[in-house]
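Visitor: Mind looking over this structure? Questions follow.
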Amino acid sequence: MSIADDNDRPISPWVENWRYFIRSRGAVVGLVVFTAMVLIALLAPWLAPHDPTELFRGAYKVPPAWVEGGRMEFLLGTDDVGHDILSRIMHGARYSLLIGVVVVAISLTSGIIIGLVAGYVGGRTDAVIMRIMDILLAFPSLLLALVLVAILGKGLFNAMLAIAVVLLPHFSRLTRSAVMAEKNLDYVTATRVAGAGHLRLMFVTILPNCLAPLIVQATLSFSNAILDAAALGFLGMGAQPPTPEWGTMLADGRNFITSDWWIVTMPGLAILITVIAINLIGDGLRDTLDPKLKRS
């Protein structure tokens, strides 16, 4: 039953879940920060003070504006070839968030289909699918992504495909376990007796009741996708220069860690803040969508 308001009128599950979600200060902070990141990414062409690929001659390795020798036109400084770091970070948010969306969309959709088939059909089909997923899980995620990118070729799109494959087993196994817990319940049996076909049972009857853990996993996988993409970019296997992707920016500045710290620190902080914000949102969603974790 839904919680009733002061006038004894039942409130919708959406409102109820929102009230649980905003009880977590960390989740609210994460949502605010992530929303700000999304707005920066969408408005980057207008908010960024300079073009991210523009080279400023005579402005090589300029420190941030608050450091001695800094210039107000370059608030976060410039890199070794004269790029404005703030502009590149703003535009890099577009790439990082796009990576998260595409990777989660591919792995979530594929994982749901695979997990539904494995959990619903069972038997040999389930055994074969799960052994394939076990093989994928046996490899360290970054190593598997590197191997796949080496096979597919360098580039941002291939990196996204590789990361999607790495995350696929998590969604398929989670979907399978949820389907196996639901498929023998009374409401599924009643729907089957009423004449529903297999596809209707899988996608209309069972799947909606398995979405809560998948939403939480998708949120956490979003941050994993950003981290893995940054790692591939750092290793030169993801986005290629002069693309203003955060991992590529880290790779470009790794030779200046001790001498010109801002070149590496600024994109690193952008990755850190974004990932922490997404993880805080994921924790809030977990507490909200799991009845066992809901606080009274």
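Visitor: How many nm is it between the label spots at THR109 and TYR60, if each spot is 7 Å from the Cα in line with the beta carbon?
Guide: Computed distance between label sites THR109 and TYR60 equals 4.6 nm.
Visitor: Between LEU143, LEU211, LEU220, find the one with the highest GNM mean-square fluctuation for the chain; connect C-alpha pairs within less than 10 Å.
Guide: LEU143
Visitor: Roughly speaking, what is the stretch gain from ILE135 to ILE273, that is 0.36 nm per residue apart minus the C-alpha to C-alpha distance, in nm to one decimal?
Guide: Values: separation 138, 0.36 × 138 = 49.68 nm, distance 3.27 nm.
Using 0.36 nm per residue and subtracting the Cα-Cα distance, I get 46.4 nm.
Visitor: Let me ask something additional. If you take the charge dipole of segment 92-293 about its Cα centre, with +1 on Lys and Arg Cβ and -1 on Asp and Glu Cβ, which of LEU148, THR191, LEU285 is farthest toward its positive end?
Guide: Comparing the listed Cα positions along the dipole, THR191 ranks first.
Visitor: Report the Cα-based extents of the chain along its three principal axes, largest first, to the nearest Å.
Guide: Sorted largest first, the three principal extents are 77, 57, 29 Å.
Visitor: Have a look at SER221, ILE263, VAL117 and report the one farthest towards the positive end of the charge dipole of segment 92-293, computed about the Cα centre with Cβ charges (Lys/Arg +1, Asp/Glu -1).
Guide: Positive-most Cα among the choices belongs to VAL117.
Visitor: When ranked by the protection proxy of mean other Cβ atoms within 10 Å per residue, highest first, what sequence do the peptides 70-80, 22-32 form? Before the final figure, lay out the partial values.
Guide: Working: 70-80: 18.9, 22-32: 16.3.
Highest mean packing first, the order is 70-80, 22-32.
Visitor: Testing the spin-label approximation: label points 7 Å from Cα along Cα→Cβ at VAL204 and THR189. State their distance in nm.
Guide: Taking the two extended label points, one gets 2.2 nm.
Visitor: Apply 1/(1 + (r/R0)^6) to the Cβ-Cβ distance of ILE257 and ILE22, taking R0 = 41 Å, and write down the FRET efficiency to the nearest 0.05.
Guide: On the way: r = 40 Å, r/R0 = 0.97.
So, using R0 = 41 Å, E works out to roughly 0.55.
Visitor: Based on Cβ point charges of +1 for Lys and Arg and -1 for Asp and Glu, what charge dipole magnitude is obtained for segment 92-293 about its Cα centre, in debye rounded to the nearest 20?
Guide: Details: 12 positive and 11 negative charges, 110 e Å.
With only Lys, Arg, Asp and Glu charged at Cβ, the dipole is about 520 debye.
Visitor: Here's a follow-up. So if each residue of separation counts as 0.36 nm, and I subtract the Cα-Cα distance between ALA36 and ILE151, what length gain in nm does that give?
Guide: Values: separation 115, 0.36 × 115 = 41.40 nm, distance 3.64 nm.
Gain in length upon complete extension: 37.8 nm.
Visitor: Just need log10 I(q)/I(0) for segment 183-296 at q = 0.12, 0.23 Å⁻¹, Debye formula, equal scatterers on the alpha-carbon atoms, no solvent, rounded to two decimals.
Guide: -0.64, -1.14
Values quoted throughout were computed directly from the atomic coordinates according to the rules given, and no laboratory measurement underlies them. Everything numeric here is computed off the predicted structure, so don't read it as measured data. When we count neighbours, we look across all protein chains shown, and the Cβ atoms used for this are built from the backbone with ideal geometry, even at glycine.
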